[in-house]
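The values are calculated or read from the model by the stated rules, or taken from the named source; none is laboratory data. Remember, it's a predicted structure, so these values are computed and weren't measured experimentally. Cβ placement follows ideal geometry from the backbone for every residue including glycine, while neighbour counts extend to all protein chains displayed.
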Amino acid sequence: MEARKISLAKPAPLEDETGIENREWIESLEAVIQAEGPERARELIELIETHAAEKGIPLPPHVNTPYVNTIPRDRQGPYPGDLAIEKRIEALVRWNAMAMVVRANREESGIGGHISTFASCATLYEVGYNHFFHGHDAPEGGDLVYFIGHASPGNYARAYLEGRLDEDQLLNFRREVRSPRGLSSYPHPRLMPQFWEFPTVSMGLGPIQAIYRARFMKYLENRGLKAASSSKVWCFAGDGECDEPETLGSLTLPVREKLDNLVLVVNCNLQRLDGPVRGNGKIIQELEAVFRGIGWNVIKVVWSSRWDPLFERDQSGVLQERLTNLVDGEFLKLYSETGAQVREHLFGKDPKLATLVSGLSDEELDLKRLSVGGHDPAKIYPAFEAAVNHRGAPTVILAHTIKGYGLGEAGEGRNITHQQKKLEDKELRYFRDRLELDIPDEDLNRVPFRRFSDDSAEYRYLQERRRILGGGVPKRVTPPLELKAPAPETFEEFFKGSRRPIATTMALVRQVSLLLRDPSVGKHIVPIVPDEARTFGMESLFSQVGIYSSVGQLYEPVDRANILYYREEKSGQLLEEGITEAGSVSSFIAAGTAHAEHGIPMLPFFFFYSMFGFQRIGDLIWAADDARARGFLVGGTAGRTTLAGEGLQHQDGHSHLLAQPFPHIEAYDPAFAYEIAVIVRDGIRRILQEHEDVIFYLTAGNEPYSQPEMPPGCEEGILKGIYRLPRAGDRKDQADVDLFGSGSLLNECLKARKLLKEEFDVEADVWSVTSYKQLRMDALEVERWNLLHPDQQTRVPFVTSALKEASGSFVAVSDYVKLVPDSISKWVPGRLATLGTDGFGRSDSRSDLRDLFEVDARYVTLAALRLLAERGRIDPSELIRAADTLKIHAEKADPMAA
Ligand SMILES: Cc1ncc(C[n+]2csc(CCOP(=O)(O)OP(=O)(O)O)c2C)c(N)n1
Ligand SMILES: [Mg+2]
């Protein structure tokens, strides 16, 4: 975007002939404002605009305002705090934040950390800490503040001054391994569960989580689970971060939902990591256009109070015009210059501008002295105040700041500033002097941490402010909330089985539907779906619990006559998010952490197309795990050959592989309805009764088949990952071969067992592997224990002991890539052959797909025979005959290469 194009504020010339006419128009408008007020003036302007449109006169969209503060000086009330004390507090926070990073890097070069980002947002945070951010003890509940991840030294430095962290902890910044008291690099609730609430450092994930959190708060209120409150969601984000699609991708939701409990503060230091965010444009104006265009309340905090007299003297608007036309790259250059250079380069271009500043000394013109709005509490306070008082729409504050503010030559506003981690003595001295701290020269090199004494005015002030605002922020609290387990009937029908063919997706939906009726947990369940409810057969939930809508239903739905009609209501329970997996998982995180944030235990079930889960929004699931969210992720229409007909972009054969590295996600690929019931029942117990921070991932298929009754004694195996299905007949002795199946491919094992018996006189046992991940985790844990405890009796992984009486020849078939079953091969006692669905999916019938990927009963049979041949149990020549019998062609295309 060219700066010239966005200078909508270009003032009209008032001197020449046209100027006289212009002035008459302006004077008329002024007269209306004076006589009838601004509202009438607005009406008239709109009238003229409409008329112009009728005459075919194109007008530019009104998305920008001049490049000045939105709140004019005369609407700025008196500052409610003690500015001198707050300045001294801020100076120490700034110093300590810098000291943490510098000391950490001196001790361990390369340990990282950032100085300049917090240096840019420190004043924004301080005004928040002194006047706005409510802690959990506030009468109406705390505010939820999403801090900028890589500005975390600032939060630690603040907590240190408040006495919430001690020096030892500061010294262990980024030493999360060396010391149990180490401070995590970024906000990680997993690592600092009593401190951090929201993981934000993956750029873009903070804003989207904050948006859906603010909506979830309204959801809880509208459903009557939470009293209406004035709690706000504050989200701080970087201007560079706004390039992430997650940052700006969900901006319409808060407008639609009128989320006036949401305040987004964009720290516009005009720089990102490598250089300017928009060197050739103006990021603040660009963002203003985006937010205003959508309907946000936009407040720009651009210039500090020192600019006020200049703007007041600028009757012709020439200063405003110059600043509006200045590209950010040029501003940053000017910022690094001396006052004399600024006089020449910024003000010297126009005689009127030169005159405007002629009474100011060069020192006074130095931009480091003139400063910008985001470093001036007097400008920040009214913006924050206007934001929290605004009704009916979310607010964004675009605050102009300087990256590395106060660092001078060490990186203030320089391109290198982001990476600055070490300061030399000269630079430390400069920083100290800018902050007006009384650290003696001889102490400087130690970069000491400094705090106020307990009887100082500053300490009393900051403690008092935090006490009034309800305690420390951030602080994560998890009250022990107990919910009674769901009634046994909620699960029983699944244990009986069903002859009628049912897909596991249907079983899961039915399970959730029964849970929603349960008197204990029912109202705590949050079904979430990104526009796939009908795909998963969830539409019965529309009428059962209603679709949440903050305004109810303003229209009569077209399908009103149908009992399963599209019912929206204010107290609706189902979150129908529309096509946004990223938004939906953000709702999942909000619901899954509601026990900590709102003192209300909620149990989300997020149903999504399994292909668009871990693959598409893996980073948000990672954040959910970090956030200690609890709940159930359900990957529907799963399995590369179970979902027929959709093809390459839809058929998921790898989400179970992608789920493997997530530490607190237990992933299951259940085959039968009773397995689902066992997993869900135990998961709910662990979440609601044991208070475990765990997420369950269940894949569910859409292939209908009859559901067997639950065999006795298999619950442990289902939960741990493997159990044997009842044998055909009542054979007691060992089988010749053992077959592992998961999900709907378990049926292929059952068919293969029959084929093996009938065609080849081979006895097979069939095992349902509900979770390779669980088996692997257990085996890794046991292996580790054995390594560390050589003096004790060796332990055996569950999978090894479960299979100890098995044949020693195993065939695993999975609707996922072969690596999934391969992941346990080390611990399988014998030889394991794996069949899986490596390669791009295709649209076709299930049987053709299973032939393509070589995962049907015939291939299971052939693989079993091959193992027997390898062991000398059958003659290898039998294999040729077998392939022939099974109609398997040796020269068929390899699905991985095809
Ligand atoms: C998804 C993602 N990509 C890259 C990074 C690495 N990174 C950390 S900070 C940063 C620059 C941030 O710039 P900006 O948002 O403007 O914040 P500032 O430091 O300028 O306040 C980058 C690229 C990250 N944390 N997350
Ligand atoms: Mg930036």
(Q) Here is a check on your reading of the model: is residue 653 surrounded by fewer than 24 Cβ atoms within 10 Å (Cβ to Cβ), more than 16 Å from ligand 1 (Cβ to nearest atom) and small (Gly, Ala, Ser)? (A) no
Q: Determine whether the range 104-124 contains at least one residue that is more than 30 Å from residue 440 (Cα to Cα), among the small types (Gly, Ala, Ser) and more than 16 Å from ligand 2 (Cβ to nearest atom).
A: no
Q. In the range 156-179, what count of residues is obtained for those that are of a type in the set (S, T, N, Q) and in contact with a helix residue (DSSP H, G or I) (Cβ under 8 Å, 6 or more places away or on another chain)?
A. 2
Q | Filter pass, residue 591 being on the phi < 0 side of the Ramachandran plot and in contact (Cβ under 8 Å) with a residue 60 or more places away in the chain | A | yes
Q) Is one or more of the residues making up the range 790-812 of a type outside the set (A, V, I, L, M) and within 25 Å of residue 894 (Cα to Cα)? A) yes
(Q) If the requirement is being away from ligand 2 (no atom under 16 Å from the Cβ), closer than 29 Å to residue 304 by Cα and of a type in the set (Lys, Arg), which of these qualifies: 158, 164, 175, 223? (A) 158
(Q) As an exercise: evaluate residue 406 against (1) surrounded by fewer than 22 Cβ atoms within 10 Å (Cβ to Cβ); (2) at positive phi and give the number of the one condition it does not meet. (A) (1)
Q.
Out of the residues in the range 209-253 meeting the condition of being within 21 Å of residue 285 (Cβ to Cβ) and away from ligand 1 (no atom under 16 Å from the Cβ), tell me which one is nearest to the chain's Cα centre (by Cα).
A. 251
Q: Return only the number of the condition from (1) closer than 24 Å to residue 103 by Cβ; (2) not in a loop (DSSP other than H, G, I, E, B) that residue 207 does not satisfy.
A: (1)
Q. Taking the range 255-276, which residues are near ligand 2 (Cβ under 8 Å from one of its atoms), assigned to a loop (DSSP other than H, G, I, E, B) and buried (at least 24 other Cβ atoms within 10 Å of the Cβ)?
A. 269, 270
Q: Among the residues of the range 129-175, write down those that are within 16 Å of ligand 1 (Cβ to nearest atom), part of a helix (DSSP H, G or I) and not hydrophobic (A, V, I, L, M, F, W, C).
A: 149, 150, 152, 153, 154, 155
**Q.** Wholly within the range 402-503, helices (runs of 4 or more DSSP H) carrying at least 2 residues that are without any contact (Cβ under 8 Å) to a residue 24 or more places away in the chain and more than 37 Å from the chain's Cα centre (by Cα)
**A.** 425-435, 441-444
Q. Any idea how many residues of the range 370-401 are free of Cβ contacts under 8 Å to residues at least 12 places away in the same chain and in a loop (DSSP other than H, G, I, E, B)?
A. 0
**Q.** Residues (in contact with a Ser or Thr (Cβ under 9 Å, 6 or more places away or on another chain) and within 25 Å of residue 743 (Cα to Cα)) located in the range 528-546
**A.** 528, 529, 530, 531, 532, 535, 536, 537, 538, 540, 541
Q) Quick one: would you say residue 807 is surrounded by 18 or more Cβ atoms within 10 Å (Cβ to Cβ), more than 26 Å from residue 660 (Cα to Cα) and either hydroxyl-bearing (Ser, Thr, Tyr) or free of Cβ contacts under 8 Å to residues at least 40 places away in the same chain (or both)? A) yes
(Q) Going by what's in this entry, would residue 22 be described as at pLDDT 90 or above and either in contact with a Phe, Trp or Tyr (Cβ under 6 Å, 6 or more places away or on another chain) or buried (at least 16 other Cβ atoms within 10 Å of the Cβ) (or both)? (A) no
Q: Looking at (1) away from ligand 1 (no atom under 16 Å from the Cβ); (2) in contact (Cβ under 8 Å) with a residue 40 or more places away in the chain; (3) acidic (Asp, Glu); (4) more than 30 Å from residue 391 (Cβ to Cβ), find the lone condition where residue 257 falls short.
A: (4)
Q: For the range 277-302, name all the residues that are assigned to a loop (DSSP other than H, G, I, E, B) and within 11 Å of ligand 1 (Cβ to nearest atom).
A: 277, 278
Q. Got at least one residue in the range 505-521 being at pLDDT 95 or above, under 24 Å from residue 257 (Cα atoms), among the small types (Gly, Ala, Ser) and buried (at least 17 other Cβ atoms within 10 Å of the Cβ)?
A. no
